[in-house]
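J.: Handing you this structure, nothing more for now.
We did not get these values from a lab; they are worked out from the coordinates using the rules stated. Since we're looking at a predicted model, the values are computed, not measured. Here the Cβ positions follow ideal geometry from the backbone for every residue, glycine too, while neighbour counts run over all protein chains shown.
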């Protein structure tokens, strides 16, 4: 256990998804993740990430939701931690391979834009119900193209998130509006945060692939507008499986700070 009284962190945001990122290549201190992520009593964030040592890649991404629980892949988090690696850990590198809860990913950092590879999504793991599509893009997503009244979004999403089918494991809920064949707008309710977030990288990926499925697109690039900004998803569909999926968008350093580990109440 790290005996230090403080731990340093960098606060990041990727199209509005915000994260606390900590260099954990040494001994990782016991962290009050839920408190640190609290928006009134802590730093405030959708999640906390630790950049840890890895024997098989440049680093390992350990991700906690703001509820304090370890979680699955986070696309915007992956983009932010790659930027953190390039700016704070490996200043001579701009391309990385890193481990995440769903396996290995690659990342390319170009100033404030970061692209990361996403895992293949096979047709066997897609539930296509027409206007509703369920798939796992590193995290499970429910993608709806139904017309939902904006003021009713959170209640609508909670009813699905806490339904009998999804209550135990949880699922992220997305509502998508089609602007054109290659441009979408969307809102996301994230499990673990249990509220709407300004953006969700795995959700954007799921929305783009769902649009490709609905329009029978074999390859291309789809732009997705979230409340926090714009992301682009490129892909190819080979024999019903989506491959070569890349998520690209802007990230920003918000501020640097330190947390007093003796003040963990």
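J.: Under the definition of Cα pairs under 8 Å and six or more residues apart, what whole-number percent is the relative contact order of region 4-104?
T.: With pairs under 8 Å counted, the relative contact order is 24 percent.
J.: Hey, another quick one. What percent of all Cα-Cα pairs in region 83-131 falls into each 5 Å bin, going from 0 up to the bin containing the maximum distance?
T.: Once binned at 5 Å, the Cα pair distances of region 83-131 give 5, 17, 21, 18, 12, 8, 8, 7, 3, 1.
J.: Compute the angle between helix 75-84 and the longest alpha-carbon principal axis of the chain, please, reported from 0 to 90 degrees and rounded to the nearest 10.
T.: The angle comes out near 40 degrees.
J.: Hey, another quick one. If you stretched the chain out fully between residue 92 and residue 6, how much longer would it get, using 0.36 nm times the residue separation minus the C-alpha to C-alpha distance?
T.: Length difference between fully extended and current span is 28.2 nm.
J.: Which semi-axis lengths, in whole Å and largest first, follow from the square roots of five times the eigenvalues of the Cα gyration tensor of the chain?
T.: So the equivalent ellipsoid measures 30, 21, 16 Å along its semi-axes.
J.: First measure r as the distance between the Cβ atoms of residue 38 and residue 102, then evaluate 1/(1 + (r/R0)^6) with R0 = 25 Å and state the FRET efficiency to the nearest 0.05.
T.: It comes out at approximately 0.40.
J.: Pairs of alpha-carbon atoms within less than 8 angstrom and 6+ residues apart define the contacts here; what relative contact order does the chain have, in percent?
T.: Reported as a whole number, the value is 22 percent.
J.: Could you give the nm distance between label points at residue 151 and residue 260, where each point is 7 Å from its Cα heading toward the beta carbon?
T.: Those two pseudo-labels are separated by 4.4 nm.
J.: Further, regarding this structure: One quarter of the convex hull surface, Cα atoms only: what value does that give for region 1-89 in nm²?
T.: 5.9
J.: Separation of region 34-97 and region 209-250 by C-alpha centroid, Å?
T.: If you average the Cα positions of each part, the centres end up 23 Å apart.
J.: Relative contact order for region 123-250: what percent, with Cα pairs under 8 Å and sequence separation of 6 or more?
T.: Relative contact order, region 123-250: 19 percent.
J.: Additional query: Give the order of 6, 205, 56, 15 when sorted by the count of other beta carbons within 10 angstrom, beginning with the fewest.
T.: Going from least to most buried by this count: 56, 6, 15, 205.
J.: Still on this structure, I have one more. Quick check on packing: order 174-180, 70-76, 124-130, 160-166 by the mean number of other C-beta atoms within 10 Å, highest mean leading.
T.: 70-76, 174-180, 160-166, 124-130
J.: May I have the convex hull volume per residue, in Å³, for the Cα set of region 180-265?
T.: Enclosed volume per residue, from the Cα hull, is 136 Å³.
J.: In region 123-250, what is the volume of the convex hull around the alpha carbon atoms, normalised per residue and reported in Å³?
T.: 100
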